[in-house]
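Structure first, commentary second.
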Amino acid sequence: MLQYKLMKILGTGLSGLVGSRIVELLKGRYDFETSDIDITDRQKIIDKIKSSDAPIVLHLAAKTNVDGCEKDRSAVWAVNVVGTQNIVDACQESKKRLIYISTDFVFDGEKTSEYIEEDTPNPINWYAKTKYEGEKIVQTLSCPWIIARIAYPYRANFERNDFARAILKRLQDQKAVAGVTDHKFSPTFVDDITHALDALIKSESTGIFHVVGSQSLSPYDAGVAIAKTFSFDKKKYY
């Protein structure tokens, strides 16, 4: 009896908020190979990618703490830029398809309407600048590539904080929650990101894609929605 062989995906950062859920939801459709190698160790990560029989590399590993990135810029550059360059070079040499997870932070937020893929990035913090540099490196590949920009990912269950869980914890601790009203963002359920990536892989798509939630709202409105969902009195906390 013939046994169907799952397509293999070699991933970096698969233990994180987004990566671990991708594996959970898609492990029956793809064979995930985890790379726990430091992506700043150029030779080791290149050897790892070249020796893998996975045709796709899913690159999630990054320094993502926006405030923390300002404090140690050289370390962030080493991971988000140099590390990405190492992965791109390995994909180029081994002719592998690359999926690079980026961020909506590459934009400055000045546009009054929603950003589209054709808009020119203008990052205004170090985290965003390094992720945009990574995007530019990915676009030098002659192999097929995808840049998937995501925004404020959150999960139903996860032991570490995402933006929604951080707000919920403040409410549970009976602490005040502040949220601006003059800024809009598109929080994105990680399960939706996962299904979108699956669709992009199956369709053999290439290019830049905004993989974000369908609703745009202010941080204040997001906080109020979280308070309402979990039966907290918004008047007491906002």
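Since every read-out is calculated from the coordinates, none of them should be taken as a lab result. All values reported here derive from a predicted model rather than from experimental measurement. In this analysis, Cβ positions are derived from the backbone assuming ideal geometry, glycine residues included, and neighbour counts consider all displayed protein chains.
What the table below lists for this structure:
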{"item": "For region 41-105, size of Cβ-based charge dipole, Lys and Arg +1, Asp and Glu -1, in debye", "result": "220"}
{"item": "Cα-based radius of gyration of the chain once divided by 2.2 N^0.38 Å, which approximates compact folds", "result": "1.06"}
{"item": "Exposure proxy order (Cβ contacts within 10 Å, fewest to most) of 140, 194, 103", "result": "140, 194, 103"}
{"item": "Fraction of antiparallel bridges per DSSP, the chain only, in percent to nearest 5", "result": "5"}
{"item": "Selection of trypsin sites (Lys or Arg not before Pro), region 103-181, meeting DSSP coil and at most 11 other Cβ within 10 Å", "result": "111, 160, 175"}
{"item": "Pairs of Lys in region 1-160 closer than 16 Å at Cα, counting only those 8 or more apart or on different chains", "result": "14"}
{"item": "Choice from 157, 122, 86 with maximal GNM fluctuation in the chain (Cα, 10 Å cutoff)", "result": "157"}
{"item": "Cα gyration tensor, region 173-238 - rounded (a/c under 1.5), prolate or oblate", "result": "prolate"}
{"item": "Relative contact order, percent, the chain [alpha-carbon distance under 8 Å, six or more residues apart]", "result": "18"}
{"item": "The chain - charge dipole about Cα centre, Lys and Arg +1 at Cβ, Asp and Glu -1, debye rounded to 20", "result": "540"}
{"item": "Per-residue HN-Hα couplings for region 178-189 [Karplus 6.51, -1.76, 1.60; θ = phi - 60°; Hz; x = Gly/Pro]", "result": "10, x, 6, 10, 9, 9, 10, 9, 10, x, 10, 5"}
{"item": "Other-chain or far-sequence residues with amide H under 5 Å of residue 33's (modelled H)", "result": "9, 10, 11"}
{"item": "Whole-number percent relative contact order across region 1-137, with pairs defined as alpha carbons under 8 Å at least 6 apart", "result": "25"}
{"item": "10 Å Cβ shell holding at most 15 others, DSSP loop, GluC sites (Glu not before Pro): longest site-free stretch of the chain", "result": "1-109"}
{"item": "Whole-Å distance, taken between Cα centres, linking region 16-42 and region 170-214", "result": "19"}
{"item": "For the chain, calculated [θ]222 nm from helices alone, where every DSSP H run of n ≥ 4 adds -39500 (n - 2.57)", "result": "-11000 deg cm²/dmol"}
{"item": "Sequence-distant residues sharing a close amide H with residue 108 (under 5 Å, placed H)", "result": "122"}
{"item": "Percent of Cα pairs exceeding the 14 Å cut-off, where the set is region 111-166", "result": "69"}
